[in-house]
Amino acid sequence: KTLKDGSVYYYPVVYPNVAYADNKQTKLYTLKSLFGGYVTRLPDANSFRWGISCRDAVTLAVAIKPYAPSRNKYIKVFEAWTQMDTIEDKIELANGFGRNLFNPMDIVNKNDYVDLVKNPLFVAGVFNARGAVYTQTRPKKSDETFMRIESLNRALLEAMKETYGGNVKDISRDSHKTQLLSIGKRKSLALLRVIKPHLIYGQDQIARLVA
């Protein structure tokens with residue numbers, strides 16, 4: 001804030017923020033159309049970020065809490081933020097959270113997702129966020145379609161493997177380790193048919209594959 005004498009006064013601001021990055025700009029503008037927020041280009045010219053802040057972020061976080069076991073501790077901090085009356089309290093809340101950082105994947109296991117992955121809407125969301133479909137073309141044979149889902153959340157992938165088949169393996173991506181679930185042709189097509197009506201992005205592509 002610039003004062004009348006020309007000096008500048010800086011005051012702290014503490015607020016929750018939910019963000020998601022992807023190289024598919026259309027996907028992020030779909031999120032913006034559904035939930036509001038903003039879309040911005042990241043320093044990497046091929047990536048974009050959608051985000052939503054303050055009480056809108058809290059509202060969204062609370063709504064997805066039953067479907068996000070690995071993020072429950074974060075969401076509890078968001079909820080606590082709404083109860084803070086002073087900026088000093090909010091700063092202490094943020095600092096306390098910063099002093100107790102944790103890997104969210106360390107607090108979940110496969111059992112946290114066993115029921116969730118049976119819900120087609122949940123699986124559609126996972127696929128829209130982390131999934132891809134690959135078609136293998138072979139001479140004199142029909143094309144084969146495979147579903148792959150890449151995530152740091154091995155507990156989620158193991159629950160999906162238990163329900164839908166496939167295999168999970170460790171891979172390296174951009175100098176960091178992650179996990180990949182690969183599902184074979186028959187089971188991929190069956191699962192794609194189930195989740196297609198619930199996708200918010202890529203419905204046309206999937207419709208062509210499962211026709």
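The values are calculated or read from the model by the stated rules, or taken from the named source; none is laboratory data. Note that the structure is a prediction, hence the values are computed from the model and not measured. Every residue, glycine among them, receives a Cβ derived from its backbone with ideal geometry; neighbour counts consider all protein chains shown. Heads up: the accessible areas ignore ligands, DNA and RNA and are worked out on the full protein's heavy atoms, side chains in. Shrake-Rupley method; radii C 1.70, N 1.55, O 1.52, S 1.80 Å.
A few remarks follow.
- When peptides 46-52, 92-98 are ranked by their average number of other Cβ atoms within 10 Å per residue, the highest-first order is 46-52, 92-98.
- The dipole here belongs to the stretch 8-163: it is taken about the Cα centre, uses +1 on the Cβ of Lys and Arg and -1 on the Cβ of Asp and Glu, and is about 680 debye.
- Total lysine pairs whose alpha carbons fall under 19 Å of each other in the stretch 38-189 (8 or more apart, or interchain): 21
- Nearest-ten-degree value, helix 120-130 long axis tilted from longest Cα axis of the chain: 80 degrees
- Virtual spin-label span in nm between Asn23 and Lys73, 7 Å along Cα→Cβ: 3.2 nm
- Gain on full extension, evaluated as 0.36 nm per residue between His198 and Lys118 minus their Cα-Cα distance, stands at 27.4 nm.
- One Cα centroid belongs to the stretch 33-80, the other to the stretch 187-211; the line between them spans 26 Å.
- For Cα extents along the principal axes in Å, the candidate list reads (i) 80, 36, 34; (ii) 94, 33, 22; (iii) 46, 44, 34; the entry that matches the value derived from this model is (i).
- Proximal aspartates and glutamates relative to Lys32, as straight alpha-carbon distance under 19 Å, when same-chain residues fewer than 8 apart are discounted: Asp22, Asp56
- Top positive-direction residue, dipole computed over the stretch 88-138 with Cβ charges, set Ala94, Pro104, Val126: Val126
- Residues of the stretch 55-96 with amide N under 11 Å of a point placed 7 Å along Cα→Cβ from Tyr15: 55-58
- Solvent-accessible area of the stretch 111-211 (1.4 angstrom probe, protein heavy atoms only): carbon and sulfur portion equals 48 percent.
- Shape category assigned to the stretch 1-124 from the gyration tensor of Cα positions, a/c cut at 1.5: oblate
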